[in-house]
Amino acid sequence: GESVGLHLPTLSVQEGDNSIINCAYSNSASDYFIWYKQESGKGPQFIIDIRSNMDKRQGQRVTVLLNKTVKHLSLQIAATQPGDSAVYFCAENMRRGSQGNLIFGKGTKLSVKP
Amino acid sequence: EPEVTQTPSHQVTQMGQEVILRCVPISNHLYFYWYRQILGQKVEFLVSFYNNEISEKSEIFDDQFSVERPDGSNFTLKIRSTKLEDSAMYFCASSAPGATLMADTQYFGPGTRLTVL
């Protein structure tokens with residue numbers, strides 16, 4: 001079946017460096033994509049989202065890029081900090097214009113070395 | 001900042017017992033969800049709820065599961081007869097109707113860890 005997946009299960013970066021976390025999705029009908037951060041013992045925390053009619057969206061220190069041609073989503077974190085250490089999930093929502101369930105990827109663990 | 005809350009944080013139960021997991025969604029949100037995450041695995045959708053009825057459910061959400069909004073603030077997940085494989089983190093989420101471009105954003109609670117012995 002169609003699913004959201006991640007290219008890298010773990011990523012280790014030096015504090016201050018930029019991080020890039022990747023995600024592949026297979027459902028071309030997906031309309032909405034979200035990145036969540038999950039710290040140990042906590043629930044998924046919303047980071048940033050993007051709709052399928054956009055290629056790029058920027059937040060504070062984070063940027064999400066969407067390449068619909070190759071069905072690829074990435075999360076860029078600028079000047080990575082120790083507090084960014086967590087598991088990052090991408091998720092997709094296939095419902096256009098209405099609420100729908102999220103399909104999560106497996107997650108990438110980001111470790112930031114001081 | 002408004003947030004989704006869940007109680008209890010940890011629930012231990014015997015196999016075959018009923019459990020009720022409780023959630024208080026963000027107050028102006030109208031859509032409610034339950035997800036679960038088995039240890040070390042990805043988050044999986046269980047059910048969505050809107051206007052006092054289930055709008056969508058997954059294959060996981062079988063007859064032993066039910067949801068209810070008993071009053072204006074709480075949203076509950078009941079597991080009627082727990083099985084060992086029900087052990088997981090259960091997350092509640094809520095979202096608002098479409099007032100902005102990104103209105104589908106689902107905000108998650110901290111989760112309830114359910115352990116079935």
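Summary table below
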| item | result |
| --- | --- |
| Matching residues, region A:70-96, being modelled with pLDDT under 95, under 15 Å from A:PHE33 (Cβ atoms) and open to solvent by 10 Å² or more (accessible area, probe 1.4 Å) | A:VAL70, A:LYS71, A:HIS72, A:MET94, A:ARG95, A:ARG96 |
| Checklist (1) at pLDDT 90 or above; (2) in contact with a Leu (Cβ under 9 Å, 6 or more places away or on another chain); (3) not polar (S, T, N, Q) applied to A:TYR25, failing item | (1) |
| Among the residues listed as B:LEU117, B:LEU46, B:LEU84, the single one being open to solvent by less than 30 Å² (accessible area, probe 1.4 Å), at pLDDT 95 or above and not hydroxyl-bearing (Ser, Thr, Tyr) | B:LEU46 |
| Lone unmet requirement of (1) open to solvent by 50 Å² or more (accessible area, probe 1.4 Å); (2) under 21 Å from B:VAL4 (Cβ atoms) for A:TRP35 | (1) |
| Qualifying strands (runs of 3 or more DSSP E) (wholly inside region A:6-108; at least 1 residues being without any contact (Cβ under 8 Å) to a residue 60 or more places away in the chain and either within 26 Å of B:PHE49 (Cβ to Cβ) or not acidic (Asp, Glu) (or both)) | A:19-25, A:32-38, A:45-51, A:56-58, A:62-67, A:72-77, A:86-93 |
| Qualifying residue in region B:21-28 (condition: open to solvent by 60 Å² or more (accessible area, probe 1.4 Å) and more than 18 Å from B:PHE108 (Cα to Cα)) | no |
| Matching residues, region B:51-77, being open to solvent by 70 Å² or more (accessible area, probe 1.4 Å) and closer than 15 Å to B:ARG36 by Cα | B:LYS57, B:GLU59 |
| Index of the failed condition, B:TYR31 passing every other in (1) of a type in the set (Phe, Trp, Tyr); (2) at pLDDT 95 or above; (3) open to solvent by 30 Å² or more (accessible area, probe 1.4 Å) | (2) |
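The values are calculated or read from the model by the stated rules, or taken from the named source; none is laboratory data. All of these numbers come straight from a predicted model, not from anything done at the bench. In this analysis, Cβ positions are derived from the backbone assuming ideal geometry, glycine residues included, and neighbour counts consider all displayed protein chains. Surface areas here come from the heavy atoms of the whole protein model, side chains and all, with no ligands, DNA or RNA. Shrake-Rupley method; radii C 1.70, N 1.55, O 1.52, S 1.80 Å.
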